[in-house]
Every structure is written in structure tokens, then in C-alpha cells.
Amino acid sequence: METLRDARVVVTGAGGGIGAALARRFAAEGARVVVNDLNAGAAQAVADEIGGIAVPGDASDVVGKARDALGGTIDVFCANAGVGTGGPDATDEEWERSWDVNVMSHVRAARELLPEWLERGSGRFVATVSAAGLLTMVGAAPYSVTKHGAYAYAEWLSLTYRHRGIRVHAVCPQGVRTDMMRAAGTAGELVLAPTAIEPEELADAVMAGIAAEQFLILPHPEVAGYYAARAAEPERWIDGMNRLQQKLEHLTGSEGGDRT
Ligand SMILES: NC(=O)c1ccc[n+]([C@@H]2O[C@H](COP(=O)([O-])OP(=O)(O)OC[C@H]3O[C@@H](n4cnc5c(N)ncnc54)[C@H](O)[C@@H]3O)[C@@H](O)[C@H]2O)c1
């Protein structure tokens, strides 16, 4: 894709899973890629593999270091790092961590990126949200709530800055075969596994969404129908999800399933 050749790209949480697949794909398109992850060894391994630059550390604090590593400019920022911790009885710490990584790391990155992007009239923000940001995820209260927050923030960014050259994409997949999905235990098996895709297929969907300049990227297209049904018939939708919740409780004997 012409827009990505020589583009300076940052991917957070790129030491594995979806982030690593995105980093590989951007590099294959000719971009210069900063690979961020809390896990320094994992970030370095992916960077070495793709000829990128590892910038380990927290996703909330990566823009300055990544900009320096890329020679002063960032063209594309992928806010991908996310956590899936906490069930129905999540602690305050789990709620705060989910809010911090799943929402505030996006807010903090955008706050640092926007002055430069608005001045030059271009910039691209790719938020890895989740279908849980449009729908919900059984057994995972902090994840469902904070992913709604991440979606709302991406939407707000897009409608506020679209006429000033800022492009925003909200990527909302269902299951993707990564460590996070495996950690979701029986809930993941029940809800995500049947239609799960590989991280590389998700990267394909992101590339197609960028090429088409689409805000909402749905690697599982059927999510559009669920989203519409939820809005049109909330009682029916909650009844259906409650049946799924009951199935989860039946299989695991627990409200939150057997997440690891
Ligand atoms: N796997 C799925 O089924 C699925 C579905 C929908 C959305 N998502 C979203 O996709 C994104 C990537 O998930 P994944 O499945 O690849 O997960 P993963 O757990 O396999 O990988 C996430 C990576 O992010 C890193 N990370 C976590 N917190 C970080 C932080 N604060 N700063 C920097 N790095 C951090 C981890 O070390 C890990 O390498 C997440 O935002 C997740 O919510 C995943």
C-alpha cells in the first residue's frame, strides 16, 4: 500500500499476538516500525525479525521515545496493548489497570500525537478495541466496560479531527487466536473460539480498512448485525446473552467462568 511505504509506525503491545502480526504486516508494506511491549525481550525479538526498532515499556509512555527512535515523526500509531483481567468480582486494582491500559493509554498517546499531526494536517490512529466494545463479553466486566470506553474515545477522535486530516480506525474483532484468547478459558471457548481467526487475518482486515479509509474495521463482519440487533432490541439481546451466561455458569460452576 503506497500510503504505508516509508511510513513511521508505532505498534504498542507488539511483542506477541495481534500487535506482533500488525508490526510484521506494516514492515512488509515498507514501513519503519517501532515495536513496543512491556515484555522487553518479546519486543526485541519481533523488532529483530522485521528490521524494526524495539521501544520497551508501558504503552502509556511510548510516544516521546518512539518519535525519537523514528527520527522525530510518527505517521501511524497503533494503540493495541490491552489487558483482559478481572471478572464479575474484579478488584479496584483490576478495574484501574483495565481503565489505564485499555482506555487511558489511547488518550495519553493521542494527547501527545495531536499537536504534531494537526500542525501538518495528517496522522493515523489505529485503536485495537474489540467486539466487546460494541457488544459485551460474558464473565469479563472490566474488559467489556473499558472496551466501550476505547470505542467511544476513537469515535470522538474521528468526528473531532476528521476534517483536519486525522484518520482514526476502531478495530473490533471477536476471537483472535492469541494468549489473551487462550486465557479467557471456557468463556473464550464458548464465545470466541468457534469463529476465531488468526492474528494475520486480523492484520489483513486492518490493511483493507486503512486502504478503504473505514473508521470501523470488523474482521468478523457478522458483528455489524449483532450491533444493530443490540441497538434495535435491547431486551431480546440481553435475554440471548443471559442464556449464554447461564451456559457458562453451567459449564464452569462460576459467574465469571474459569479465566486464567
Ligand atoms: N485475542 C482476542 O481474541 C482479542 C479480541 C478482541 C480484541 N483484542 C484486543 O487486541 C489487543 C491485543 O490483544 P492480544 O490478543 O494480541 O493479546 P496478548 O495478550 O496476546 O498480547 C498483548 C501484548 O500486550 C502487551 N502489553 C500488555 N499491557 C501492556 C502495556 N501496558 N504496555 C505495553 N504492552 C503491554 C503484553 O505484554 C502482550 O505482549 C488487545 O487490546 C485486546 O483487548 C483481542
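In region 169-180, the residues that are touching a residue at least 60 places away in the same chain (Cβ under 8 Å) and of a type in the set (A, V, I, L, M) form Cβ pairs under 6 Å with partners that are outside any loop (DSSP other than H, G, I, E, B) and buried (at least 23 other Cβ atoms within 10 Å of the Cβ), at six or more places apart or across chains, as follows: Val176/Ile18; Val176/Leu202. Just name the residue that is surrounded by the most Cβ atoms within 10 Å (Cβ to Cβ) out of those in region 117-141 that are in a helix (DSSP H, G or I) and within 11 Å of the ligand (Cβ to nearest atom). Among those residues, the one meeting the criterion is Gly133. All of Gly256, Gly225 fail the test of being in contact (Cβ under 8 Å) with a residue 24 or more places away in the chain and either part of a helix (DSSP H, G or I) or over 16 Å from the mean Cα position of the chain (by Cα) (or both), apart from Gly256. Quickly run through region 27-56 and pick out the residues that are under 20 Å from the mean Cα position of the chain (by Cα), within 15 Å of the ligand (Cβ to nearest atom), closer than 15 Å to Ala69 by Cβ and part of a helix (DSSP H, G or I). Passing the criteria: Ala40, Ala43, Val46, Ala47. Of the candidates Gly149, Gly87, the single residue that is buried (at least 18 other Cβ atoms within 10 Å of the Cβ) and touching a helix residue (DSSP H, G or I) at 6+ places or on another chain (Cβ under 6 Å) is Gly149. Scanning region 59-84 for residues that are closer than 22 Å to Asp179 by Cβ and within 15 Å of the chain's Cα centre (by Cα) yields Ala59, Ser60, Cys78, Ala79, Asn80, Ala81, Gly82, Val83, Gly84. Can you find a residue in region 157-175 that is part of a helix (DSSP H, G or I), within 14 Å of the ligand (Cβ to nearest atom) and polar (S, T, N, Q)? Checked against the condition, which is being part of a helix (DSSP H, G or I), within 14 Å of the ligand (Cβ to nearest atom) and polar (S, T, N, Q), region 157-175 yields no hits at all.
Scanning region 176-186 for residues that are within 11 Å of the ligand (Cβ to nearest atom) and either outside any loop (DSSP other than H, G, I, E, B) or hydroxyl-bearing (Ser, Thr, Tyr) (or both) gives Val176, Thr178, Asp179, Met180, Met181, Arg182, Ala183.
Each value in this text was obtained by applying a stated rule to the coordinates, not by laboratory testing. All of these numbers come straight from a predicted model, not from anything done at the bench. Don't worry about glycine lacking a Cβ; one is built from the backbone with ideal geometry, like all the others, and counts go over all protein chains shown.
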